[in-house]
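A.B. asks: Questions regarding the structure given below will be posed in turn.
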């Protein structure tokens, strides 16, 4: 620079400084220098040197290797706040937790493979290499310099320049970082390495190549951004790295020159994020490659405050595609699609647009900006699956492309983008209001449309479609309200009428200018559509349209009931539900201490609900809710009861079709019918008889609590069967190993490391160890690694899933589902990541917690089905505590009271091999690294150790930890961990035995309803339309170790019409046979009466003969019927039939019944007159009475007369021998007469019709017909 040029610069600077108070912005101040000969530098580098009040810390004769600039704020970097920094002449800024910052050593590899023996410090390095600041540039005569300038908005000395610079850099950052809508830096620093060379053995120092580069670091103390500029790059390696001593590049093809490192190091051995061109000889071309890192040649942008470094800017350099992954923000989307995924990939020139591919399906993307743009976004498509989605963004006909993976999660696990109010019961609403973020990515200052989407399923098919537009091309104000009456579903005369097809849907806000096939849109949660379809439904189905649709749904739904048999029984109490964290997790929409106003909206009597963590084979799941008393609410007892899910909210792999589609299948199968049957119809009886009956509670009678085990402290182990021991291993070990090859292979490993002595160098250790990481895999699912993050990190736990680091602190990231495993951070409202819950497809649950001094505690829950199938350091689970400490493949169990035997003969046998490890290794560390340095730990409390009774009480483990480590926090954690495990076990096993649900559908039971042994349930009655039939009280009793209802349940609630019909049917069933008997009796009585009357009226047909008889010795037998007597006819015709002495006519003799005798006796007493007893008269043979047996005594009340032939005029009247009596001959169907009793034939008339003439003589055949 000539003297005149230098004078011009200082002159303009003086003018600028003098007029700084009159300048309104840094932009105006900056324009003063545009005509300066150094403007080319100012375009690619932020202004620097003494002109801009920079401080130069290196002079040609100084030996200073860096400086602590003494900042008064903190820089968040890799999740840790650092209050001090060190500016190094080795091309980097290092961060320090302590003030003042110390000089950092030179290193060649990051993270440092020698850590912790050698410090691995955190830094940002535009160019990490040995440099030399003593060279003088020829011919300009300029020396190497290291400038820095602090930027603080509170600086009053140069406040306009400082604020202007902060504003200028902030504007650049917003234009380059994906998904960053606004940012205003308040603090920062600009460091410039000007004209630096490399160390060399050559003498010609002034002729060496030079590099000039810059780092601008700005923050608002929440977010931190780095802007790295490269103005001149002429060399890339030092001599000690094999590079040419004259050029700083490769000497020849036979000797490799290692180029410098460029990137960000997290420190403490965590990770190193490489910049493109790091260790690449092409870095010397950075000032020449257009769009290498952004739309400014030689510039790169990064966001560095979080655990995950976000790359901003863009690149059109094909050769670095593999070194520069596609950056997506967020790295997560929900499955309904329409999300703006901000990306930093290719650079775009107007009117070029990116092409976005999701699993090889192509969609158009959009750029943000009119000219050359660094920021673009893709719109995620609607999906029916979870987990990973392959994503690619390309430009210029895919000549350049960048690839990454996008995580797809459940829609319902994040706050809705569109909030809805005024829904009430979603039927009687008059006005509904919507609200959203008007500045959401892609929506700011855009016109929008409001669209109602509907969803339905039919067998194996599904449909998600637009069914109504509420507003079209309106201004985006972030709010919209509408009258329900103005937006009713209209009748469309075709089979696809949405008014008939859709009962569930969601509001969406579309950006008008996007592709209608895959629009940029924001979603509300799914809501019932009763308000939308009610007018049409009334005209289509009548006033009871909801009932009609409900019954139609119910008749179809109950065809398949097999899914109910797969459900896990609900825990019986809320305590059991909380303790069983492996199989059940809280329902986000109904849980204790939930701040959402709609908490437990469908279960108003519940205070807490849980869902089964995994769906069944058929895609169903248990949903269990608990009342104020902590007892399980049954769907048969309450409209707030626990309703099982036909379609689990999380779906079921491989997803893709009903009812396995996450969120959508659940909304269609659970939410829509609930509102139809239980809300719209306004009929509790219908709700109980349809929806509640179809979604019965998974009865808790057969629920079996899980078993728990734990690891904590020094470390101390608690096995499945309550055996406690201590094992101070060093390496990686099996906690759980499946020994049954027929079951799912659940594997859980722990890394045990020696404890460092705090405040000492890295070589000082306690004679004890602790758990620093665990690794998990369930069958063929994802591989999980959870380890300790560096101290003072906001996120204490570091998580890797299938080798990729994951964060769980954002609202949409707090619950993530992976293959066969899910991870939840219930502290989602904070920035911490200190406690995680993990559950697997096998029902195993883990609660992983961080505690000082950098150790993990672990509580493990396992279901009953794993009994006899798992072993490891957590014990052998087989109901036999004596063999819990069983070595792996060696001998019998170890004595749990001998610490040395536990260590050598049990613990060390469960060490894993290199081939078995599930851990994630970094910094060139491996299985063998953690196995190093086996040591013999302390087995007893050392003599002379301080007493810790005031901390630990009488707890030995707590005292042991304090004696060994002198760490009070560790001792207290041990004590708290013990209590936590005891609490979980107590909760799981505290409930008594329970009877099954008292199965009386539609019954109203007296509160409180309890089903455990000893409880009594009183049935108050039945619901409207039903009538109680049976007893109204039952008691749950334990019989032979099993809880049963006493007495056996027979009570029913019958529909009133059915009850009346049953009574009528019973009356008919009784009255019909009685009536038939009565009618037959009446007929028989009439017949008898008529026969008797006829006989009484019969006249003698031959008076002469009668006179002769009267004068003879023949006794005439005349039947007499006394109306005062009760007459009983006997069925034995042989005993009671006789021939009339006057002819062939037969008659039936009578028996005087005992009743008649009593009546006659009574009459005799009343009338004081004797009753004349009839004497039986024998038949006559040839006018001689003949008895078939000796005549009865006069006291006899029964007699019988055998029939004898009557003498006839046409026969000889001579004495005939006595003949045996014959039965009446009868005729059967074959026409033959058979000698059978006439049991079923009509008896002959007692009296023949009177004839004036004598009856003709009958032959035998005719006689038999009478």
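A.B. asks: Considering every residue within the range 991-1008, establish whether at least one is within 26 Å of residue 723 (Cα to Cα), touching a residue at least 24 places away in the same chain (Cβ under 8 Å) and part of a helix (DSSP H, G or I).
C.D. replies: No, the conditions are met nowhere in the range 991-1008.
A.B. asks: Checking residue 592 against (1) surrounded by fewer than 16 Cβ atoms within 10 Å (Cβ to Cβ); (2) out of contact with any strand residue (DSSP E or B) (no Cβ under 8 Å at 6 or more places or on another chain), only one condition comes out false. Which one?
C.D. replies: The single condition residue 592 does not satisfy is (2).
A.B. asks: What about residue 553, is it closer than 23 Å to residue 634 by Cβ, in the same structural domain as residue 645 (by TED's automatic domain parsing), surrounded by fewer than 20 Cβ atoms within 10 Å (Cβ to Cβ) and within 17 Å of the chain's Cα centre (by Cα)? Steps first, please.
C.D. replies: On the way: closer than 23 Å to residue 634 by Cβ: yes; in the same structural domain as residue 645 (by TED's automatic domain parsing): yes; surrounded by fewer than 20 Cβ atoms within 10 Å (Cβ to Cβ): yes; within 17 Å of the chain's Cα centre (by Cα): no.
No.
One line per residue, one yes/no per condition, for (1) touching a strand residue (DSSP E or B) at 6+ places or on another chain (Cβ under 7 Å); (2) surrounded by fewer than 24 Cβ atoms within 10 Å (Cβ to Cβ):
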| position | (1), (2) |
| --- | --- |
| 638 | no, yes |
| 650 | yes, no |
| 658 | yes, yes |
| 662 | no, no |
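A.B. asks: Report those helices (runs of 4 or more DSSP H) wholly inside the range 915-985 carrying at least 1 residues which are at pLDDT 85 or above, assigned by TED's automatic domain parsing to the domain that holds residue 747 and touching a helix residue (DSSP H, G or I) at 6+ places or on another chain (Cβ under 6 Å). Walk me through it before giving the result.
C.D. replies: Values: elements: 927-931, 949-952, 956-965.
The helices (runs of 4 or more DSSP H) meeting that bar are 949-952, 956-965.
A.B. asks: If you don't mind, there's one more thing I want to ask. What residue, of 542, 530, is more than 30 Å from residue 365 (Cα to Cα) and touching a helix residue (DSSP H, G or I) at 6+ places or on another chain (Cβ under 6 Å)?
C.D. replies: On the way: 542 fails: touching a helix residue (DSSP H, G or I) at 6+ places or on another chain (Cβ under 6 Å).
Exactly one of 542, 530 is more than 30 Å from residue 365 (Cα to Cα) and touching a helix residue (DSSP H, G or I) at 6+ places or on another chain (Cβ under 6 Å), namely 530.
A.B. asks: Which residue out of 666, 716 is surrounded by 21 or more Cβ atoms within 10 Å (Cβ to Cβ) and within 30 Å of residue 1023 (Cβ to Cβ)? Working first, answer last.
C.D. replies: Details: 716 fails: within 30 Å of residue 1023 (Cβ to Cβ).
After applying the criteria, what remains is 666.
A.B. asks: Working only within the range 833-853, note down all residues that are closer than 17 Å to residue 779 by Cα and assigned to a strand (DSSP E or B).
C.D. replies: Step one: of the range 833-853, the residues closer than 17 Å to residue 779 by Cα are 838-846.
Matches in the range 833-853: 838, 839, 840, 845, 846.
A.B. asks: Continuing with this model, one more query. Residue 603 is checked against (1) touching a strand residue (DSSP E or B) at 6+ places or on another chain (Cβ under 8 Å); (2) over 16 Å from residue 649 (Cβ atoms); (3) in a loop (DSSP other than H, G, I, E, B) and fails just one. What number does that condition carry?
C.D. replies: Checking residue 603 against (1) touching a strand residue (DSSP E or B) at 6+ places or on another chain (Cβ under 8 Å); (2) over 16 Å from residue 649 (Cβ atoms); (3) in a loop (DSSP other than H, G, I, E, B), the one that fails is (2).
A.B. asks: Would it be correct to say that residue 486 is under 23 Å from residue 428 (Cα atoms) and buried (at least 22 other Cβ atoms within 10 Å of the Cβ)? Don't jump to the end; show me each part of the working.
C.D. replies: Values: under 23 Å from residue 428 (Cα atoms): yes; buried (at least 22 other Cβ atoms within 10 Å of the Cβ): no.
No, not satisfied.
A.B. asks: Taking only the range 800-822 into account, find how many residues are within 14 Å of residue 414 (Cβ to Cβ) and outside any loop (DSSP other than H, G, I, E, B). Let's see the steps before the verdict.
C.D. replies: First pass over the range 800-822, keeping only residues within 14 Å of residue 414 (Cβ to Cβ): 808-817.
Still in the running and outside any loop (DSSP other than H, G, I, E, B): 815-817.
Here the count works out to 3.
A.B. asks: For residue 1066, indicate whether it is modelled with pLDDT under 80, in a helix (DSSP H, G or I) and under 60 Å from the mean Cα position of the chain (by Cα). Steps first, please.
C.D. replies: On the way: modelled with pLDDT under 80: yes; in a helix (DSSP H, G or I): yes; under 60 Å from the mean Cα position of the chain (by Cα): yes.
Judged against the criteria, residue 1066 is a match.
A.B. asks: Still on this structure, please answer the following. Among the numbered criteria (1) within 22 Å of residue 587 (Cα to Cα); (2) free of Cβ contacts under 8 Å to residues at least 40 places away in the same chain, which one does residue 388 miss?
C.D. replies: (1) is the only condition that residue 388 fails.
A.B. asks: Anything in the range 628-646 that is part of a loop (DSSP other than H, G, I, E, B), in contact (Cβ under 8 Å) with a residue 24 or more places away in the chain and more than 17 Å from the chain's Cα centre (by Cα)? List them, or say none. Explain how you work it out, then say what you get.
C.D. replies: Step one: of the range 628-646, the residues part of a loop (DSSP other than H, G, I, E, B) are 628-630, 633, 635-641, 643-644, 646.
Narrowing the set further to residues that are in contact (Cβ under 8 Å) with a residue 24 or more places away in the chain leaves 629-630, 633, 635-641, 643-644, 646.
Passing the criteria: 629, 630, 633, 635, 636, 637, 638, 639, 640, 641.
A.B. asks: Now for a different question. Filter the range 755-776 for residues that are part of a strand (DSSP E or B) and surrounded by fewer than 21 Cβ atoms within 10 Å (Cβ to Cβ); which is modelled with the lowest pLDDT? Talk me through it step by step, then tell me what you get.
C.D. replies: Taking the range 755-776 and keeping what is part of a strand (DSSP E or B), we get 755-756, 765-776.
Subset that is surrounded by fewer than 21 Cβ atoms within 10 Å (Cβ to Cβ): 756, 765, 767, 772.
Working: 756: 72, 765: 75, 767: 79, 772: 93.
Of everything passing the filter in the range 755-776, 756 is modelled with the lowest pLDDT.
A.B. asks: Residues 856, 885: which one is at pLDDT 90 or above, assigned to a loop (DSSP other than H, G, I, E, B) and surrounded by 21 or more Cβ atoms within 10 Å (Cβ to Cβ)? Walk me through it before giving the result.
C.D. replies: Numbers: 856 fails: assigned to a loop (DSSP other than H, G, I, E, B).
None of the other options fit; the residue is 885.
A.B. asks: The conditions are (1) surrounded by fewer than 23 Cβ atoms within 10 Å (Cβ to Cβ); (2) under 29 Å from residue 417 (Cα atoms); (3) touching a strand residue (DSSP E or B) at 6+ places or on another chain (Cβ under 7 Å), and residue 851 fails exactly one of them. Which is it?
C.D. replies: Only one criterion is unmet by residue 851, namely (2).
A.B. asks: What number of residues in the range 235-247 are surrounded by fewer than 17 Cβ atoms within 10 Å (Cβ to Cβ) and within 30 Å of residue 303 (Cβ to Cβ)?
C.D. replies: Result for the range 235-247: 0.
The values are calculated or read from the model by the stated rules, or taken from the named source; none is laboratory data. Nothing here was measured: the structure is a model prediction, and the numbers come from that model. Every residue, glycine as well, gets a Cβ built from its backbone with ideal geometry; the counts of neighbours run over all protein chains shown.
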